[in-house]
Amino acid sequence: MEPTDPSDETDEEPADGRIETQAIHAGQSPDAETGAIMPPIYATSTYEQDAPGEDRGYEYSRTGNPTRTALEDNLAALEGGDYGRAFASGMASINTVLNLLSAGDHVVAGDDVYGGTHRLFREVFEQYDLSFSFVDTTDLDAVEAAIRPETELLWVETPTNPLLRINDIEALSAIAHDHDALCAVDNTFATPYLQRPLEHGADIVSHSLTKYLGGHSDVVGGALVTDDADLDEQLGFYQNSVGATPDPFACFLVLRGTKTLPVRMDRHCANAETIAEKLDAHPAVDRVHYPGLDDHPGHELAAEQMDGFGGMVSVELDATLEETREVVSSTEVFTLAESLGGVESLLEQPATMTHASIPPEERRAAGLTDGLIRLSVGTEHVDDLWADLEAAIEDAVEY
Ligand SMILES: *Cc1c(COP(=O)(O)O)cnc(C)c1O
C-alpha cells in the first residue's frame, strides 16, 4: 500500500509550479507597495472610487476583498480550476450550490453524506420544493436508477464519513452529464493535495476549509472551485446576494494553513497508514476502514483516483457501546471531539456523537456499529499516538 507521491504523478510541469509550490505562492505575491510577503489582512468594508463607478477592482467587502481574492486564487490553483469562491463556512458553500437550482428540481446525493449536508437538503431546501434522493453512490446502477427528468445535481462525497467509502468521480460525473445534470464533489476529506475532482470530470468542488485546508482547528470557512466561467458567475451572484462571505482575518488564517497543506498531508497519511495497520492486527478489532488497506473495497479505485489515502481511519472494535465510550473517553493524546483535519489527533464515537440522531436499528444497518470509532489522525509522533490508543483499548475492552 504505497501511496504515490503527487509530485511523481505530474508528467508536465504546470506553468505556476507543482502543488507544493502553488500551495505557497498561488494567488500571493509580495505587496507592491511595502514588499510584505503575506497578503495584508484588508480590514475594510468599502473602497474609494475615483469617480462614480470607477473603482480599482473592489467596491464593497461582501462583494470582494483582496485578502479573500488571494485565498480564492490560491484554492482555485490547488484544485487545478480557474475560479475560486470563499465562504463563511463549508455549509455556506454547499448552500450556494443549491442556490443554482429552481423549485421542482431534483438532486441525487450519497446516502452517507455529511450530516449537515443531509440536514440542509432535507430540512431547509425541501421546503422550497426541491426534492432529494439519497442512494449508495458506490452503486452506479442505483445512481442511474435514481435519476429523474428533473434531476439537476448529483452531490458526491469521497472518501465518505465515517466509513471512508470511495466513490468513482469519473463514472458519477459521466452519469450526471448524460442527464444534463451537474456533478458537485465535496472534497473536504481528501483535499486537493490527494484528489482533484475537476480532473475527473466534476463541475464544482466544494470544501469545508475548517478541516485540512485551514488545518489548525482555529477557523471556520468554505470554498467552491470550478472551471466553468458561467457557473462561476452564477456562484458569485449568490455569494454576493446571500452574503455568507468570510472576513479577511479568516481568509488570512486559511492562507496560512494552505501553505503547509502538502507537508501536513504527507504526515497525516503516513501516520494514518501506520495506525490503520496496527489496529488491523489488534485482537480487539473487528474491522478497520481505511482506503489504504488492501482489503478495503475501494482500495483499487482510491489508488487510481487519489495521490494518497488520507488521514481519516475508522475502526470497529469488538466491544459494546459502553466499552467503546470508555475507550474514546480515556485517551490522552487523541482528544475526544467532533470535526477533523487539524494537526492534533481527534477521535469520536459516531453512534453517540456525530451520527447519534440516526435511530439505532437504522444506524447499525448502515454499518455504524456500537464499537465504531472515527479517528482524525494528526501529525504528532505516531508512536505516541499508537501507545495512547493501545492503552485505552486495553483498559476498556475485554478481549
Ligand atoms: C465539516 C464538513 C462540512 C461542513 O463544513 P463547515 O465548515 O463545518 O460548515 C461539509 N462537508 C464535510 C465533508 C465536512 O467534513
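On the basis of being part of a loop (DSSP other than H, G, I, E, B), in contact with a Cys (Cβ under 6 Å, 6 or more places away or on another chain) and surrounded by 19 or more Cβ atoms within 10 Å (Cβ to Cβ), does Gly292 make the cut?
no
Would you please name the residue that is surrounded by the fewest Cβ atoms within 10 Å (Cβ to Cβ), looking only at residues in region 344-378 that are over 21 Å from Leu321 (Cβ atoms) and touching an Asp or Glu at 6+ places or on another chain (Cβ under 8 Å)?
Glu344
Checking Asp129 against (1) at pLDDT 95 or above; (2) on the phi < 0 side of the Ramachandran plot, which single condition isn't satisfied?
Result: Asp129 passes all but (2).
Suppose we keep only residues that are part of a helix (DSSP H, G or I) and closer than 22 Å to Lys259 by Cβ within region 79-98. Which one would you say is farthest from the ligand (Cβ to nearest atom)? First the steps, then the outcome.
Quick first cut of region 79-98, residues part of a helix (DSSP H, G or I) only: 90-98.
Narrowing the set further to residues that are closer than 22 Å to Lys259 by Cβ leaves 90, 93.
Values: Gly90: 2, Ser93: 8 Å.
Here the residue is Ser93.
Of all the residues that make up region 101-159, how many are more than 25 Å from His289 (Cβ to Cβ) and charged (D, E, K, R)?
Looking only at that region, the number is 9.
In region 301-308, is there at least one residue being modelled with pLDDT under 95 and in a loop (DSSP other than H, G, I, E, B)?
The answer is no, given that none of the residues of region 301-308 is modelled with pLDDT under 95 and in a loop (DSSP other than H, G, I, E, B).
Ala387: part of a helix (DSSP H, G or I), modelled with pLDDT of 90 or more and under 21 Å from Cys269 (Cα atoms), yes or no? Lay out the reasoning, then the answer.
Numbers: part of a helix (DSSP H, G or I): yes; modelled with pLDDT of 90 or more: yes; under 21 Å from Cys269 (Cα atoms): yes.
For Ala387, the condition - part of a helix (DSSP H, G or I), modelled with pLDDT of 90 or more and under 21 Å from Cys269 (Cα atoms) - is met.
Just one of (1) under 20 Å from Arg165 (Cβ atoms); (2) in contact (Cβ under 8 Å) with a residue 40 or more places away in the chain; (3) part of a helix (DSSP H, G or I) trips up Ala76, so point out which.
(1)
If His177 passes every condition in (1) touching a Leu at 6+ places or on another chain (Cβ under 9 Å); (2) part of a helix (DSSP H, G or I) but one, which one does it miss?
(1)
So that you can scan it fast, the table gives a plain yes or no per residue for (1) in contact (Cβ under 8 Å) with a residue 40 or more places away in the chain; (2) out of contact with any strand residue (DSSP E or B) (no Cβ under 7 Å at 6 or more places or on another chain); (3) within 16 Å of the ligand (Cβ to nearest atom):
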residue	(1), (2), (3)
Met353	no, yes, yes
Thr369	yes, no, no
Leu372	yes, no, no
Ser376	yes, no, yes
Val382	yes, yes, no
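Out of Leu213, Leu279, Leu261, I need the residue that is more than 16 Å from Leu194 (Cβ to Cβ) and crowded, with 20+ Cβ neighbours inside 10 Å. Which one?
Leu279
Could you list, in sequence order, the residues of region 102-123 that are more than 10 Å from the ligand (Cβ to nearest atom), of a type outside the set (Gly, Ala, Ser) and buried (at least 18 other Cβ atoms within 10 Å of the Cβ)? Step through it out loud before you land on a result.
So in region 102-123, the residues more than 10 Å from the ligand (Cβ to nearest atom) come out as 102-112, 118-119, 121-123.
Of the ones still in play, those that are also of a type outside the set (Gly, Ala, Ser) are 105-108, 111-112, 118-119, 121-123.
Scanning region 102-123 gives Asp105, His106, Val107, Val108, Asp112, His118, Phe121.
The values are calculated or read from the model by the stated rules, or taken from the named source; none is laboratory data. The structure presented is a predicted model; accordingly, all values stated were derived computationally and were not measured. When we count neighbours, we look across all protein chains shown, and the Cβ atoms used for this are built from the backbone with ideal geometry, even at glycine.
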